[in-house]
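The values are calculated or read from the model by the stated rules, or taken from the named source; none is laboratory data. All values derive from a computational prediction rather than experimental measurement. Note: ideal-geometry Cβ built from the backbone for every residue, glycine included; neighbour counts use all protein chains shown. The protein model used for the area step is the full one, side chains on, heavy atoms only, and it has no ligands, DNA or RNA in it. Shrake-Rupley method; radii C 1.70, N 1.55, O 1.52, S 1.80 Å.
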Amino acid sequence: QVQLVESGGGLVQPGGSLRLSCAASGSIFRINAMGWYRQAPGKQRDLVASITNSGSTAYADSVKGRFTISRDNVANTVYLQMNSLKPEDTAVYYCNILGVDDTSRTTRSYWGRGTQVTVSS
């Protein structure tokens, strides 16, 4: 069993900053890619940013230059630093990891429960 625990969401004014964290624990042999997705009401869940185990990153065009993804491979934690937040960034943010299950040694995708980010004055 793999657990992803997210934290750091909340209410912030436009132009403000938040830092999301997601810690993975449980029976996982190796974590490959880690990422953050978001889903606004009535919309599909979209990729915000991802990072491989070698540190390569990718971002949605809408967050480039404002968001930064990073990871701590020792702590199995991924972070999302969000600066210059806009009302359109309001969504539930989900952590996702692509990892190898310790028991079956198969690659699986794991999701966190989500954390609400609201950008409003």
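Think of each Lys and Arg Cβ as +1 and each Asp and Glu Cβ as -1; about the Cα centre, that makes the dipole of the chain roughly 80 debye.
Got a sec? Which residues in region 60-93 would a label at V5 touch, if it sits 7 Å along Cα→Cβ and we count backbone N under 15 Å? Those under the cut-off are 75-78. Taken over region 53-121, the alpha-carbon convex hull comes to 113 cubic angstrom per residue. Applying 0.36 nm per residue to the separation of R30 and Q13 and subtracting their alpha-carbon distance, the gain on full extension is 2.4 nm.
Applying 0.36 nm per residue to the separation of A40 and Q116 and subtracting their alpha-carbon distance, the gain on full extension is 26.4 nm.
Carbon and sulfur atoms: what percent of the 1.4 Å accessible area of region 81-121 do they account for?
It is 44 percent, rounded to a whole number.
With both residues required to sit in the chain, DSSP beta bridges show an antiparallel share near 95%. Compactness of the chain, taken as the C-alpha radius of gyration over 2.2 N^0.38 Å, stands at 1.04.
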